[in-house]
Structure formats: structure tokens, C-alpha cells
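The values are calculated or read from the model by the stated rules, or taken from the named source; none is laboratory data. Because the structure is predicted, anything quoted here is derived from the model rather than measured. Every residue, glycine among them, receives a Cβ derived from its backbone with ideal geometry; neighbour counts consider all protein chains shown.
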Amino acid sequence: MVVRRWRALRVLGFVAFAALVVALAGALLDRISTLNPNIPKIREMLALEHETNAVIYIGDSTTLDGVNPVEVESTLGLRGYNMASGGQSLLEAEMLLRNYLAHNARPRFVVLGLFVNRSDGARNMNPEIYFGLPGDLRDIMWRKANEQGMTNANLSFKLYNSVKAYRYRSNISYVLDYLHKHFVSHESRASALVRGHLALDYSKRQKPVTGAERSTAELNQAGLDSFLDFCEQQQLPVVMFEPPNTPGFSAITLSRETILAAIAQRVANRKSVTFHSFNDAGSLTYAPDEWSGRNHLNRKGAIRFTREQLVPYLREAQASPAAR
């Protein structure tokens with residue numbers, strides 16, 4: 001009997017020790033999450049309260065890096081906040097907007113960036129967004145995630161991501177990358193959040209796009225409809241745009257024309273929705289030192305894009321009856 005109790009205590013001790021290690025690892029990975037710029041950005045925008053912005057910019061990393069709200073405000077007087085995040089799906093954009101409207105003043109219009117050449121269809125939920133939402137919005141998000149066929153809308157998503165050591169496991173790669181850049185290559189990765197815009201202070205020359213990289217783009221049309229339906233219910237005009245891409249990237253993207261046709265159909269069917277592409281023929285010619293990576297502008301490129309291309313587009317939107 002004594003032996004059995006001793007074995008049971010050893011098992012319980014091992015379980016407790018393992019649980020402690022997992023908890024400490026999760027706490028440590030959470031503390032160093034600032035090395036991943038996407039996490040503090042998501043936390044910042046989920047915590048916004050009592051803000052008064054005329055414009056909310058929303059979308060994935062191409063919008064996060066490419067749109068500088070300060071440039072718009074200095075020219076048009078439209079105060080704004082960039083609520084985009086890396087890998088953001090249309091469902092996440094809707095839920096973030098819902099959360100924003102619950103705690104802040106209603107903007108005059110929403111500017112939605114669409115990376116048309118996106119190949120993954122953005123069908124994965126970011127646990128930082130899901131778990132950061134209040135309970136009522138999590139319920140709505142879970143229902144819509146299943147309706148829209150999000151690939152990780154299952155019990156394991158909730159179970160595993162409730163453990164911080166699992167949720168923040170990807171931060172290990174950011175630590176290794178930081179150590180390599182700091183001690184080996186001495187390559188800077190400096191950045192700053194400017195009204196929600198991730199201003200990147202480095203440039204990286206990109207390899208030429210080749211036909212071997214051909215991929216099929218996907219648009220979550222149900223997610224786009226849900227986002228536009230919500231904005232229509234809130235009487236919020238939506239100004240959609242496609243940001244600049246690396247030259248030649250569209251040529252290797254299959255299904256691009258189909259996606260553009262689907263977007264055009266929604267613009268035709270909705271009076272308060274517009275779309276303009278700043279890609280391909282509609283793009284400026286950006287120098288190598290204006291890109292931080294493929295399809296992503298750095299601070300210098302973002303200022304130029306916002307000032308020279310987005311501002312004229314928003315000037316038209318500002319003058320439209322729907323935005324008044």
C-alpha cells in the first residue's frame with residue numbers, strides 16, 4: 001500500500017512539475033512576444049477606447065506596412081488608425097471592426113485593403129485575435145468561422161491555444177532570428193507603430209519573380225460578403241483598394257481575374273462600396289530601397305504610396321455623398 005501511494009505521489013509530482021514548466025514557458029514566450037511585431041499590434045487595437053477616427057484602415061500585412069494614416073491626416077485632415085495585422089482574414093477584419101465600434105466613435109468610412117494575389121485564402125484564425133475578443137464577439141466569430149469554412153475552427157483550436165506555451169510557440173523563431181540578426185549578421189529590423197501603421201526602417205532587395213513560383217490566389221467571398229453586409233448595417237461606406245505588389249507577381253498568380261471579377265460584382269451591387277487597384281499598371285514604380293520584402297513596402301515606400309496614390313483616392317471618397 002505504501003509503495004502504491006509513493007508511486008501515485010511521484011506521478012502527481014511529475015504532472016505538477018510538467019504543468020509548472022509549461023506555465024513558465026508560456027509566461028516567458030508571452031513576455032518576449034514584442035519581438036513579433038504582430039502581437040503587440042493586435043493587443044493595441046483590441047484595447048482601443050474612446051477614439052475618434054474619421055477613417056479606419058483594415059486588411060493584412062500589405063496594408064499594415066503600406067498605409068500611413070499620418071500622411072492622410074496631414075493632407076486631408078482625416079484622422080485615422082491602421083487596424084490591419086499580419087495574415088488578417090476578412091472574418092478577423094469584421095470582428096476587429098465590430099470590437100472597435102463597441103468602444104469607439106463611428107468613423108466616416110472604412111478603407112479595406114485586399115491583397116488579391118493572396119494564395120492561402122486567409123482561412124486560418126489567429127488565436128491572439130480570437131482570445132482577445134469579448135465573449136459575445138467570440139461566439140459570433142466561431143459561428144461565422146464554421147460558416148465560412150475556416151480550417152482551424154475546431155475544438156483543438158480552443159484547447160491547445162488556451163495554453164500559452166502552445167499559442168506563442170512561434171515566438172521561438174523570432175527569438176532565434178533576433179539573436180542571429182543582432183550577433184551574427186548585424187542586420188537591423190527596426191520598426192515602429194505609427195497610428196497602427198507598422199513603419200519598417202529597413203529595405204531588402206527582392207529576387208526577380210519567376211514562373212516557377214506560380215500559385216493560385218483565393219478570395220473568401222463569404223467573408224467579404226459578411227464584412228460588407230456588416231458595414232452596410234452600420235451605414236459605413238467601404239473604400240476598397242489593392243496595394244502595390246512586387247513587379248511581376250500578378251503574372252504568376254492564377255485565378256486573379258476571377259477574383260477581380262468577384263470584387264467588381266460586389267461593387268456594382270452596393271452603392272456605398274468602391275474598389276481601386278494600385279497594382280500592375282496602377283502602381284508607382286517603387287525603388288528597391290522602398291520595399292521591406294516581397295509585396296511589402298517599408299516606411300519610405302509607405303509614405304510615398306499613401307501620399308501619392310491613396311490620398312487622391314480618399315479625396316474622392318471624402319467628397320462622395322455616402323461619406324457625408
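Data table
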quantity	calculated
Residues being of a type outside the set (K, R) and surrounded by 18 or more Cβ atoms within 10 Å (Cβ to Cβ) - total across segment 98-120	12
Residue tally, condition more than 21 Å from A222 (Cα to Cα), among the small types (G, A, S) and surrounded by 18 or more Cβ atoms within 10 Å (Cβ to Cβ), over segment 121-137	1
Top-ranked residue in segment 57-81 [being touching a helix residue (DSSP H, G or I) at 6+ places or on another chain (Cβ under 8 Å) and under 12 Å from L112 (Cβ atoms); ranked as surrounded by the fewest Cβ atoms within 10 Å (Cβ to Cβ)]	G59
Complete set of residues in segment 250-296 that are out of contact with any helix residue (DSSP H, G or I) (no Cβ under 7 Å at 6 or more places or on another chain), within 17 Å of L219 (Cβ to Cβ) and either surrounded by 15 or more Cβ atoms within 10 Å (Cβ to Cβ) or of a type in the set (A, V, I, L, M) (or both)	T253, L254, S255, I259, L260, A261, I263, A264, V267, A268, S277
Among (1) surrounded by 18 or more Cβ atoms within 10 Å (Cβ to Cβ); (2) at pLDDT below 90; (3) within 30 Å of G301 (Cβ to Cβ); (4) among the small types (G, A, S), the one test that G196 misses	(2)
Filter result (surrounded by fewer than 16 Cβ atoms within 10 Å (Cβ to Cβ) and either within 13 Å of P127 (Cβ to Cβ) or basic (K, R) (or both)) within segment 138-157	R143, N154, S156
Subset of segment 198-222 [of a type in the set (D, E) and either within 29 Å of E44 (Cβ to Cβ) or in a loop (DSSP other than H, G, I, E, B) (or both)]	D201, E218
Test: residue in segment 142-149 that is at pLDDT 70 or above and touching an Asp or Glu at 6+ places or on another chain (Cβ under 9 Å)	yes
Subset of segment 199-219 [surrounded by 11 or more Cβ atoms within 10 Å (Cβ to Cβ), touching a residue at least 40 places away in the same chain (Cβ under 8 Å) and over 15 Å from V116 (Cβ atoms)]	A199, L200, D201, Y202, S203, K204, Q206, V209, R214
Where a residue in segment 143-167 is assigned to a loop (DSSP other than H, G, I, E, B) and its partner, wherever it lies, is surrounded by fewer than 15 Cβ atoms within 10 Å (Cβ to Cβ), with Cβ under 6 Å and at least six apart	Q148/A222; A153/N146
Given (1) under 26 Å from R43 (Cβ atoms); (2) part of a helix (DSSP H, G or I), number of the condition D229 does not satisfy	(1)
Restricting segment 297-324 to residues that are in contact with a Lys or Arg (Cβ under 9 Å, 6 or more places away or on another chain) and at pLDDT 95 or above, the residue that is surrounded by the most Cβ atoms within 10 Å (Cβ to Cβ)	L297
